[in-house]
Structures are given as C-alpha cells and as structure tokens.
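To keep things clear, I will list the structure first and then write my remarks on it.
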Amino acid sequence: MEDQTLTIGIDLHYFMDNDQRHEMDASIHNKCEACILDALNHLGELFNEDIQIDVSALEEGGVIDKFKIILKNKTVKDLFLLLCGALISHFIGVSPSLDESQIQLNRAELLSKIKEGNFSDEDIQFLIKGDPKILTSKNNYYTELDKEPHVTKVSCSSYGKDKPEAKKTEAIINKADFYTQIVKGCTNTATHEYLGTSVLVVSPVLLKSSQAKWKGIFNGNEIKFTIVDKEFLKQVYAKEVRFTTGTSLTCDLKITTKTVYDALGKHVKSNKESEVSNITSWDDGNHILHETKRYKRKKIEEAMPLLFKDSDFE
C-alpha cells in the first residue's frame, strides 16, 4: 500500500557573532521556537490537517533547529509544502508592512478558494501575510530574538524530505532587520481649530488647584476641555466671573482627536482633547455680554491713534 504521508523538513539556523559559539540564551530560544511551532500548527488548523511536528536535537555551527512535519492527508501534501515555503519567506525574510489590500482581503473566501485547489502563488502569499495569528507569532518571535546579543542573522529552509524534486525555499534575515519586522500599531492625530466660536459651560472648574476638566456643549455635543487663557482664569479664581445656567464663552477652540490602531490596522480607541483659548467675552445666561480684561485692553489699543501717519514717511 502506498505511503500517504508527506514529510517536510525545516532547518532554522541562528548565526553567532563568534564561529566557536554554539549556544544562545535558553529562554529566548524556547520562546522563539514556540512562535515557530504556533505558526506551523496554525497552518494545520486552517486546513483541518492533523500535523505532527518533530524537533531534532540542536546542531552546532551556530545553533540549528531541525523541524520535521509529518502530514497524513494525501490531498494537501503539495499544498502544505507551498504553504510552508511561503511561511518561511514571510517569517524569516524581510517583509514589508501590511498594506490596505492585505488588511481588507476576504480571508474566508480566499481560504475556500485555496482548499479547492484554485489558487496562485500570490494567493498563498496573501493568506500568509494577512493572517492575524501568524503576524502575532512573527511579532513575538522578533521581539524575543532581538534581545539575544550574540545572534547576527537567521536563515531558514523548507523542503520535501521525501520529494527531492520539489523546490526548496530558503530565506535569510540579518540582525539589523529584526526590529523592523515587528509590526506595531499607530496613532493618527487630527486637529481642528474654531476661531471666535461659542462654548456653553455646563460644569466650570472654580478651584485653582483642581486637575478636573471643564465640561461644556459645542455644536450640540458635550465636550471636556482645558482653559489655557491664564488671564481669564485669574478672573475666574478672583470670582469676577459668575457662572449660571446658560453661561457661554466666546473663544477659540482647538479639538485634537487621537485614534489608535493595532498592528492589523483595526481601530482600538479614540480620544479627544479640547483646549479653549483667547476668551474675549462671556454671556452670563441673562444675555448680558461681559468682555474680558484682555479683550477690553485690545480694543483700547486698536482705538488709539497712530503717532505717525504712513504719509509722513513718503
């Protein structure tokens, strides 16, 4: 009876800064090995394949791990060899960050397409590069490996041990590129400024030592804000400004929105910070307009006649 198993070999070679060094930090090595195993097992889960992974004893020449993957399902033998090759190229080789097309890819549809045998090399690469679990394993792998001071580069190869005619996949990465392979999230910042606008005060902060934020209404939405107009705050703390229901400020308002995305481009959280400045007047809720001291001074300065006319210099 024909043997339906396929054995895939994966050799992972850690190069050291000294040719005579054949060891590395055991804790780092174990965590890196776990990341590789997690990624390989995940491939088996994607295709409902019960795979067996054997690990050989370490070899010298730096540190070399040897993995042997044994598959029992004949129908995925060739496919899994392609998947392992794509995984090695992505995991060990220098890979670019995910682009929007990889993030938006319909993964369920693509996975079904590959299982049916209707796929291209690009489909395999998309499947590997856009997979959240593989990305997490890769991030963890390089986060740990970057801590090992003696590893200068890593090479990896995958091949069909019982299928010598199959193409062997090889990849290599230098230590200088370890950190760049850790895909991190990002924070986008957007700032909008509203000059000479109006903010309705809901809850003022009347204590000078308080770290609380003011609460108000702007464009129908409740906001929390900080007042950076020190001269106006002096009037508040001196009780020259009275707040009643409906008190509003004529001011400049700056709203900064920070949006945080994770390594996969998914929204994590958003935070808004509002800042009030250049307060020119306040309405006490009884439709009586009170001008701030600074604004009154500015009006006087603008009303003062110039000592010299432009024509005097002609």
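The values are calculated or read from the model by the stated rules, or taken from the named source; none is laboratory data. Only a predicted model underlies this, so the values are computations on that prediction, with no experimental measurement involved. Neighbour counts are summed over all protein chains in view; Cβ atoms, including those assigned to glycine, are modelled from backbone coordinates with ideal geometry. For accessibility, only protein heavy atoms count, side chains too; no ligands or nucleic acids. Shrake-Rupley method; radii C 1.70, N 1.55, O 1.52, S 1.80 Å.
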Checklist entry - Does F178 qualify as being among the aromatic types (F, W, Y), open to solvent by less than 90 Å² (accessible area, probe 1.4 Å) and touching a residue at least 40 places away in the same chain (Cβ under 8 Å)? => result no
Checklist outcome for this item: Within the stretch 54-99, residues of a type in the set (S, T, N, Q) and either at pLDDT 85 or above or out of contact with any Lys or Arg (no Cβ under 6 Å at 6 or more places or on another chain) (or both) come out as N73, T75, S89, S95, S97
Next on the checklist: Where the second residue is buried (at least 16 other Cβ atoms within 10 Å of the Cβ) and of a type in the set (G, A, S) and the first is closer than 20 Å to I134 by Cβ and lies in the stretch 15-43, which pairs have Cβ atoms under 8 Å and are six or more apart or on separate chains?
Outcome noted: C35/S137; I36/S137; D38/S137; A39/S137; H42/S137
Checklist outcome for this item: Note: among K66, K77, just one is in a helix (DSSP H, G or I), out of contact with any Phe, Trp or Tyr (no Cβ under 7 Å at 6 or more places or on another chain), open to solvent by less than 70 Å² (accessible area, probe 1.4 Å) and among the basic types (K, R), namely K77
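Conditions (1) open to solvent by less than 70 Å² (accessible area, probe 1.4 Å); (2) touching a residue at least 24 places away in the same chain (Cβ under 8 Å), marked per residue:
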site: I227; (1), (2): yes, yes
site: S248; (1), (2): yes, yes
site: L253; (1), (2): yes, yes
site: T256; (1), (2): yes, yes
site: V260; (1), (2): yes, yes
site: H267; (1), (2): no, no
site: E273; (1), (2): no, yes
site: N278; (1), (2): yes, yes
Next on the checklist: When the residues of the stretch 229-246 are narrowed to those that are under 14 Å from W282 (Cβ atoms) and of a type in the set (F, W, Y), which ends up most open to solvent (accessible area, probe 1.4 Å)?
Outcome noted: F243
Checklist entry - Taking the condition modelled with pLDDT under 95 and part of a strand (DSSP E or B), does S209 pass? => result no
